[in-house]
Each structure stands twice: as structure tokens, then as C-alpha cells.
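As C-alpha cells, the structure follows; a few thoughts come after it.
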Amino acid sequence: MRIQAVVLAVLLMACGDSGGEPDENAFLALFEVSYGNCAGVCYARLDVASDGAAQVSYAERKGRLETKRPFLLWQSELDGLLEDVALSRTEAWESQYGCPECVDQGQYFLKLAGTDGVRQATVDPNVIPEHLAPLIGRLDEVLVRGLR
């Protein structure tokens, strides 16, 4: 149900003031990181939109009470994300890459919604596919900045 609301929001945002023509670059991304065998903050999430609005959330574990902090992307981050999202859309996504959480190395979860639909993948941090590597790397950098 939540993803349907996300897709609807992206599609409404994409139609904007462009005379009904959808903005192909519009996106909403959800990026989750779990740090595997750790103590303290072991789960963090970044929600980011193509308009530069972002929110970071973190907790001891997924499903626990989260602390949330909204912020805006820097223009350089937004420009880079637009490029990375375009690259990530050049290939079909598998639902899983590697063996996330198999040996306590943690995992990334990435969901991308746009005018072309919704894609999602769970990724082993040691097995990041080439077409997702720039996007995951930049989202991780933005996440870390948002946590500071």
C-alpha cells in the first residue's frame, strides 16, 4: 500500500506544470542500510526526492522507534543523483545481489519510484552491481551527511 502511495506521489509530482507531460527525471528513492553485527545505531534510512527534499531516519534496529531528521540536498548532490538514477535505469534490476546479511556484513535495500515504475533490490555491500554502484555510493554519502 505504501509503495502505491509513493508511485502516485511521484506521478503527480512529475506531471507538475509541464502541461501534463511527465518529467522523466522525477524520482523518489528509499535507501536502507543495516550494519549487520553491530552495537548502537544499526539501521538507517534515507528518503529522497528529485526536488532535493530528503529525510534521514535511524534506529537501533529496523522496526524500533526511529529518530527522523529532514534536510535539503546540496545542488551538487542532487545533480549527481539525477545522473546516478539515469544510469541505474539503463538495466533491469534483480531483486537481490549477492548474499545480504549472510555473514553479518549488513545489507543495502534500494527502492526507486519514477514515471517508469518501481524498482527495488536488496544488495550485499560486497557485491554491488556496476549500474547501481554510483547511486548506492552517492545515497550512502548523503545518508552519512544527514546523520551528522
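The values are calculated or read from the model by the stated rules, or taken from the named source; none is laboratory data. Predicted model, so just to flag it, every value in this text is computed and none were measured. Neighbour counts are summed over all protein chains in view; Cβ atoms, including those assigned to glycine, are modelled from backbone coordinates with ideal geometry.
Tabulated values for the structure
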{"quantity": "Enumeration of residues in region 51-81 that are outside any helix (DSSP H, G or I) and of a type in the set (Asp, Glu)", "calculated": "ASP51, GLU60, GLU66"}
{"quantity": "Total residues in region 60-81, condition under 21 Å from LEU112 (Cβ atoms) and modelled with pLDDT of 95 or more", "calculated": "13"}
{"quantity": "Residue ID - surrounded by the fewest Cβ atoms within 10 Å (Cβ to Cβ), chosen from residues in region 92-107 that are modelled with pLDDT of 95 or more and in a strand (DSSP E or B)", "calculated": "GLN96"}
{"quantity": "Which numbered condition SER57 misses (of (1) modelled with pLDDT under 95; (2) in contact with a strand residue (DSSP E or B) (Cβ under 6 Å, 6 or more places away or on another chain))", "calculated": "(1)"}
{"quantity": "Failed condition for ARG89, given (1) more than 14 Å from the chain's Cα centre (by Cα); (2) under 15 Å from ALA29 (Cβ atoms); (3) at pLDDT below 95", "calculated": "(1)"}
{"quantity": "Filtered residues of region 53-65 (kept if closer than 18 Å to ASP140 by Cβ and of a type outside the set (S, T, N, Q))", "calculated": "ALA54, VAL56, TYR58, ALA59, LYS62"}
{"quantity": "Neighbours by Cβ (under 6 Å, 6+ apart or cross-chain): first from region 50-79, of a type in the set (Asp, Glu); second in a strand (DSSP E or B)", "calculated": "GLU66/SER57; GLU66/ALA59"}
{"quantity": "Yes/no for GLU101 being out of contact with any Pro (no Cβ under 8 Å at 6 or more places or on another chain) and at positive phi", "calculated": "yes"}
{"quantity": "So ASP84, is it of a type outside the set (A, V, I, L, M) and not in a loop (DSSP other than H, G, I, E, B)", "calculated": "yes"}
{"quantity": "Matching residues in region 115-148 - criterion: being part of a helix (DSSP H, G or I) and either surrounded by 14 or more Cβ atoms within 10 Å (Cβ to Cβ) or basic (Lys, Arg) (or both)", "calculated": "ALA133, PRO134, LEU135, ILE136, ARG138, LEU139, ASP140, VAL142, LEU143, ARG145, GLY146, LEU147"}
